[in-house]
Amino acid sequence: MGNESATGNLKNELLRNFGHGDFRPGQEQVMQALLAGRSTLAVFPTGGGKSLCYQLPALLLDGLTLVVSPLIALMKDQVDVLRARGISAARLDSTLDAAEVAEIFDGMTSGALKLLYVAPERFVSEAFMARLKRADVSLLAIDEAHCISEWGHNFRPEYLRLAALAKKLRIPRVLALTATATPAVAEDICRGFRIASRDRVQTSFHRPNLSIHITPVAAEARLALLAAKLLSEKRFPAIVYVTLQHTAESVAGHLKKSGLNARAYHAGLADDVRCGAQDDFMAGLCDIIVATIAFGMGIDKANIRSVYHYNLPKTLENYQQETGRAGRDGQPSHCEMLACADDLIVLQNFTLGDTPDEQALRHLVDHLLRQGDEFDISRYDLSRTTDIRPLVLETVITYLEKEKILAPAGMFHSKFQIAFRHSEERVIAGHTAQRQAFLRKIFAAGKRGRRWLTIDVEAVAEATVESREKILKALGYLEESGDIEMKPSGLRHRFRLQAGAKERPPRELATWLYGIFTKRELQDIARLDRIVGFAEHPGCSTRELLEYFGESLPSPCGHCGRCLGTEASPLPRSAERDISLADLKIIQSLKAEGHAALRGHRPLARFLCGISSPAVTRERLTRHDAFGMLEGVPFSKVLEQMQAGA
């Protein structure tokens, strides 16, 4: 079907392929623009139907629709639903084996595949990029597109490459999708993908069925108040959002003791425990989930009746997204923030603690510029040696790419764990004598464990005097034949130094990078101030939230706490804890221990505030009695004390 006739028959195709009789607000406008060949930005609230905006056009356009999403769970759910409808869709992620990847690659180039979901990190893979260049990509859809904005609330460095990638691959149209773009971030997205103002489609963020309430409460009274509210109001299912993992555990434990059916959910739980909590909540076997922000992305549960913020949210974007998970069935739902200014210390500490030390940046840049013209690195190893967090390290590298210092040149795995599906002798026996001798050499040079044989490709190549390519080809053949199971590890990224890169002094580049991070630090602190301003605002809370996202409400909503008569008041704030003489003595003793991970004012301040780092984790210092001893003191105050020579 041609694009012109498809435009006139969108509703017929919607009914035939997805069983819906009509579109939600904004959907048809987005699809019309895409089918006309124009790139588009869709800013729809959580639950606003963003996915359909690319799924239906994908069926009407010739070629492949490539969907970029950071969430493996969401990819899997959407692919399963599409396949159940008879639509050719697949996801490419780390859970697939070699045969499954090969099948997807074939579908990309043959045209058999209509939708392919990938994570943004996939674009540094040389094999994937080679296949992509041979595929006919008609549409690039980017979910969570606010991550492209350097000054947004959730910048992800790998997203920064996508605009240049779309241009390089000559993809005719791009659809950027987000539920949390402020006007400034939306402009950033449009600028990056050259989206015209007429093709920026934003629907209302106003959800009349959600009632927003702000309840100021002192820290020591908050837990009892939450339990009392949940027991008396019984608005279930409910989500309670907290900041820290240990808070999720303690709050869930207290609620259970109070007779409530509650479970904790956070990234630190074992996979089976975390998945069990989510499955029980989704199935209605658990009334309350107490979670960090790790919970909720891609969760499609329509009947959530209440969302409580036990701690202050990190940003208004987070707040809008998290409250938006309530009442997606259109029924009245309750959103309440138990607001205490004490939470600001932890939130500020994490923001300030994420900024890398300027000396660490200089070490990193110097290391990269001293490599050859083409080199490879392990981001994991480099993070540990420079004591820069992995996400921050990735951000630094992305900025160096943007500054034309580095150019990505693909990635590869340096190690493979293999397990024999038959006896080792049987696997070897099916080959020629020459091949048998070659395989025995490879296996003998590996490191044997109880079940897995670890092949460090470079070490084995050196020990056997065989090429890396020949070893990988042999292992790949054995895997495809079903003789071995293979798990890759030791991911390494290749880079090339751009022309003129070595002429830039490392000190100058480090100072420039440090300036970027400190600017972002100030912006993130301002976002926290904006949360407090929202919580203390005397007018309609719904109207205030909408205005932040560039939408005006003609009159007060009539159903938020302020509209119902709850007066605004300053948030309760405990007296700020001082750094005592006893604290200073402990710090002096700690410094005398001479831990390499704690050299420098900022690393020491991070440690004392309970913020781990790669070096602290490596030296197992999170178990030290002094770790987090000043958790309740503002990071800036602790850093100032360290600089003063504590």
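The values are calculated or read from the model by the stated rules, or taken from the named source; none is laboratory data. Everything quoted here is computed from the prediction, not taken from an experiment. Note that each Cβ is placed from the backbone with ideal geometry, even for glycine, and that neighbours are counted across all protein chains shown.
The residue of the range 299-343 that is nearest to the chain's Cα centre (by Cα), among those that are among the aliphatic types (A, V, I, L, M) and surrounded by fewer than 20 Cβ atoms within 10 Å (Cβ to Cβ), is Ile299. Pairing each residue of the range 42-66 that is at pLDDT below 90 with any residue that is aromatic (Phe, Trp, Tyr), provided the two are 6+ apart or on different chains, yields C-beta distances under 7 Å for Pro45/Phe205; Lys50/Phe44. Yes or no: Ile418 buried (at least 17 other Cβ atoms within 10 Å of the Cβ), farther than 28 Å from Lys473 by Cα, in contact with a strand residue (DSSP E or B) (Cβ under 8 Å, 6 or more places away or on another chain) and β-branched (Val, Ile, Thr)? When the stated conditions are applied, Ile418 does not pass them. Within the range 595-624, the set of residues being at pLDDT 90 or above and more than 29 Å from the chain's Cα centre (by Cα) comprises His595, His624. Identification of helices (runs of 4 or more DSSP H) wholly contained in the range 376-468 with 3 or more residues that are closer than 30 Å to His363 by Cβ and under 40 Å from the mean Cα position of the chain (by Cα) yields 379-386, 390-402, 457-464. Just checking, which of Asp583, Asp529 is exposed (fewer than 13 other Cβ atoms within 10 Å of the Cβ) and over 26 Å from Arg362 (Cβ atoms)? Only one candidate qualifies: Asp529. Scanning the range 491-535 for residues that are more than 16 Å from Phe350 (Cβ to Cβ), assigned to a helix (DSSP H, G or I) and among the basic types (Lys, Arg) gives Lys502, Arg507, Lys519, Arg530. One residue stands out in the range 536-545 among those that are assigned to a helix (DSSP H, G or I) and out of contact with any helix residue (DSSP H, G or I) (no Cβ under 9 Å at 6 or more places or on another chain): the one that is surrounded by the fewest Cβ atoms within 10 Å (Cβ to Cβ), namely Glu536.
Count, please, the residues in the range 16-48 that happen to be β-branched (Val, Ile, Thr), touching a Gly at 6+ places or on another chain (Cβ under 8 Å) and either over 20 Å from Thr178 (Cβ atoms) or not in a loop (DSSP other than H, G, I, E, B) (or both). Before you say what the answer is, go through the steps one by one.
So the first thing to find is which residues in the range 16-48 are β-branched (Val, Ile, Thr), and the list is 30, 40, 43, 46.
Within this subset, residues satisfying the condition of being touching a Gly at 6+ places or on another chain (Cβ under 8 Å) are 46.
Still in the list and also either over 20 Å from Thr178 (Cβ atoms) or not in a loop (DSSP other than H, G, I, E, B) (or both): none.
Count: 0.
Scanning the range 383-405 for residues that are farther than 18 Å from Arg156 by Cβ and at pLDDT below 90 returns Arg384, Thr385, Thr386, Asp387, Glu403, Lys404. In this structure, Glu544 does not qualify as closer than 18 Å to Thr398 by Cβ and either of a type in the set (D, E, K, R) or touching a strand residue (DSSP E or B) at 6+ places or on another chain (Cβ under 9 Å) (or both). Filtered by the rule that a residue be part of a helix (DSSP H, G or I), among the small types (Gly, Ala, Ser) and crowded, with 19+ Cβ neighbours inside 10 Å, the range 592-646 gives Ala597, Ala605, Ala615. Looking at the range 9-54, which of the residues that are more than 12 Å from Gln202 (Cα to Cα) and touching a strand residue (DSSP E or B) at 6+ places or on another chain (Cβ under 7 Å) is surrounded by the fewest Cβ atoms within 10 Å (Cβ to Cβ)? In this case the residue turns out to be Ser39. Candidates are the residues of the range 145-161 that are in a helix (DSSP H, G or I) and farther than 17 Å from Arg527 by Cα; the one that is modelled with the lowest pLDDT is Pro157. Entry remark, the range 69-102: residues being in a helix (DSSP H, G or I) and touching a strand residue (DSSP E or B) at 6+ places or on another chain (Cβ under 8 Å) number 9 in total.
Within the range 123-144, the residues that satisfy the criterion of being assigned to a helix (DSSP H, G or I), touching a residue at least 40 places away in the same chain (Cβ under 8 Å) and either out of contact with any Gly (no Cβ under 9 Å at 6 or more places or on another chain) or among the polar types (S, T, N, Q) (or both) are Phe123, Leu132. Of the set (1) touching an Asp or Glu at 6+ places or on another chain (Cβ under 9 Å); (2) assigned to a helix (DSSP H, G or I), all apply to Leu285 but (2).
The set of residues in the range 487-533 being under 30 Å from Leu472 (Cβ atoms) and of a type in the set (S, T, N, Q) consists of Ser489, Gln498. Filtering Ile189, Ile212 for residues that are crowded, with 20+ Cβ neighbours inside 10 Å, part of a strand (DSSP E or B) and touching a residue at least 12 places away in the same chain (Cβ under 8 Å) leaves a single hit, Ile212.
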